[in-house]
Amino acid sequence: MIDTTAPVRRSLFLHAPIRRKPRVMLEQMLALVDDDTPPDGPNGPVAVLERRLANLLGKERALFFPSGTMAQQVALRLHADRRGRRTFAAHPQSHLDVWEEQGYNAVHGLRLRRTGDLHELMTTEDLQAIGEPLAAVVWELPQRDLGGLLPQWQDLRDQVALARATGAAAHLDGARLWEAQTYYQRPFDEIAALFDTVYVSLYKSLQGVRGAVLAADTATVDAAQVWRQRLGGGIRDAWPLALAALVGLDAFAPRMPAYREHAIAIAAAVNADGAARAHPNPPQTPLFHIHLPAPRRAVEQAGAQILAEHGIQLWGRVRSSPDPDRCSFEISVGDNAMGFAPNEVVTLLHDLLTRAASHP
Ligand SMILES: Cc1ncc(COP(=O)(O)O)c(C=O)c1O
């Protein structure tokens, strides 16, 4: 019987709660405030964060949202209302479609035109083939469910120009823009300049609590503020979330290049060994996938055994594959995964596959 309640001592999973303990986070946040820090207003943490991100992204304004789900719905709603068009295009593995219960449709009556191949990045040809007026096109950079793939810079520019030429807005799902920037090696504002609206997450790789920011021109942000209020997102006293994000910008954003280097080193060791396969090879960002020649359920059980016996967690979740004898999981390198040498990951994968082979 596998002990499914075994405590996690070490983890390859970015969001394992081993480092993000409330006391640690609160102490980091306390270092950013003093007795005079106001909870809100122009000098409160939310306003400071909004100004900092507007500046970093080169946009006139940035607006805090409690979630990226809400921020992106609002951005698309505004693009649709302005253009009198209800359809937007995005990759079939867009977070908006796969993980958000199609809120764009249920709440705003918008329609998604799924664009591109399920397992490949959206291309200029895919966009050219659309043939109907669009309110917006969404680019998710990097495309998380494809293992953090990114289009080449010129390709991205061409795609955005094409969409814009048809009157569509360009929206960036930049939940992991921090990671994407390590590949493009261009300033954040140069990347953001391609897009009318830019969403960035405050909690994923920045390891904050929750929250998002939508950056755009002043008129768009003013309109977004109305929709944020309508959707119940105009929460006052969001300062703890903003403080955690400011900690993340100071502490974690500068570590992204090192995280990417480590991802490349782990992937290289895994691919040199050959028992499993890392994709993309090399990773473009700190995020990549490990593909395993074993069925998902057997791998899940083997992983649970490793956790029970060694306190080592390998993933957040295992992904199925069209081939039932294969599966995959994501590694998103942050401080957790930095604690694993590439060869240790290879050894763990061997252990995992050996155990999986003994499960039905
Ligand atoms: C690519 C992407 N976009 C949007 C979101 C939504 O963010 P939130 O959890 O803040 O609603 C996520 C969350 O995982 C994401 O991965």
Item checked: Span from the the range 43-96 Cα centroid across to the the range 173-252 one, whole angstrom -> 7 Å
Item checked: Most positive-pole-ward Cα, 80, 47, 192, against dipole of the range 32-251 from beta carbon charges -> 80
Checklist line | Distance between modelled label sites at residue 350 and residue 60, nm, 7 Å Cα→Cβ extension | finding: 6.0 nm
Next item on the list: Could you list 264, 130, 290, 331 in order of exposure, starting from the residue whose Cβ has the fewest other Cβ atoms within 10 Å?
Entry: 130, 264, 290, 331
Notebook entry, point to check: Quick one: if you stick a label point 7 Å off each Cα along the C-beta vector at residue 189 and residue 275, how many nm between them?
Noted result: 4.9 nm
Margin query: Quick check: net charge around residue 351, other residues with Cβ under 15 Å of its Cβ, Lys/Arg +1 and Asp/Glu -1?
Written below: -2
Checklist line | Förster radius 45 Å - calculated FRET efficiency between residue 114 and residue 15 (Cβ-Cβ, nearest 0.05) | finding: 0.95
Notebook entry, point to check: Against the longest alpha carbon principal axis of the chain, how many degrees, from 0 to 90 and to the nearest 10, is the axis of helix 68-83 turned?
Noted result: 40 degrees
Next item on the list: For the chain, find the longest principal axis of its Cα atoms and tell me its angle to the long axis of helix 256-273, 0 to 90°, nearest 10.
Entry: 40 degrees
Checklist line | DSSP-defined antiparallel bridges as percent of all bridges, the chain, nearest 5 | finding: 55 percent
Next item on the list: Give the Kirkwood hydrodynamic radius (Å, one decimal) of the chain, defined as one over the mean of 1/r across all pairs of different Cα atoms.
Entry: 21.4 Å
Margin query: Given contacts defined as C-alpha pairs under 8 Å and at least six residues apart, what's the relative contact order of the chain, whole-number percent?
Written below: 23 percent
Item checked: Potential extension, residue 161-residue 335 segment - 0.36 nm per residue separation minus Cα distance -> 58.9 nm
Note to self: Based only on other Cβ atoms within 10 Å, what is the fewest-to-most ordering of 314, 14?
What the structure shows: 14, 314
Next item on the list: Extending each Cα 7 Å along its Cβ direction at residue 99 and residue 308, get the distance between those two points in nm, one decimal.
Entry: 2.9 nm
Check: So what's the net charge close to residue 131: Lys and Arg +1, Asp and Glu -1, counting the other residues with Cβ under 15 Å from its Cβ?
Finding: +1
Note to self: Which trypsin sites (Lys or Arg not before Pro) in the range 270-359 sit in a loop by DSSP (not H, G, I, E or B) and have at most 11 other Cβ atoms within 10 Å of their own Cβ?
What the structure shows: 317
Margin query: Ignoring everything except DSSP H segments at least 4 long, calculate the 222 nm mean residue ellipticity for the chain; use -39,500 (n - 2.57) per segment, divide by total residues, nearest 500.
Written below: -13000 deg cm²/dmol
Check: Helix 153-165 sits at what angle to the longest principal axis of the chain, using alpha carbons and giving 0 to 90 degrees rounded to 10?
Finding: 40 degrees
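Here, each number is a calculation from the coordinates, and none is a lab measurement. Computed from a prediction, not measured in an experiment: that's the story for all the values here. When we count neighbours, we look across all protein chains shown, and the Cβ atoms used for this are built from the backbone with ideal geometry, even at glycine.
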